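As structure tokens, the structure follows; a few thoughts come after it.
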Amino acid sequence: MSSIQKNSNNEKLIGSEKKTPEYQEINKDLSSQEDLNTSVLDNSDDITESKHVLLNTFVNITVELGKSKIKIKDFLSLSKGSMLILDKTIKEPLDIFINGHLIASGEIVVSEKKYGLRITSIKNSLKTMNILS
């Protein structure tokens, strides 16, 4: 059985379905679009903030001069003036690690009585990620 009802605009509604005027449906669509746009803008602000936090995070940089493998008894006998011979030559580039991951290589320089490192090459995966620009 269907019943006939009138809404606030004196429009007849038949059955249990309530019809909304067309302009209200358009307003609902526009409203949902505005909510979506606001959500996208809020999301981009979150991404920008996350990027800012990430790019301002401290990391440990390690420069490896070389390696050597010795017995524990030889290590225990090291004293002031002992020499430990490493596997790299003076001309070889030094490996640069960030948090234990190899990211580049470079050479030692001296600047104002301090050691420094001039980057000579960067690992390809960092170039493609575009994080150094």
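None of the figures in this text is laboratory data; all of them are computed from the coordinates on show. Because the structure is predicted, anything quoted here is derived from the model rather than measured. Neighbour counts are summed over all protein chains in view; Cβ atoms, including those assigned to glycine, are modelled from backbone coordinates with ideal geometry.
General remarks:
- Net charge over other residues, Cβ less than 12 angstrom from the Cβ of D95 (K, R count +1; D, E count -1): -1
- Rough spin-label spacing in nm, given labels placed 7 Å along Cα→Cβ, for I85 and K123: 3.0
- In terms of distances greater than 32 angstrom between alpha carbons, the cross-link table entries K73/K113; K51/K123; K88/K114; K51/K113; K73/K114; K69/K123 yield K73/K113; K51/K113; K73/K114.
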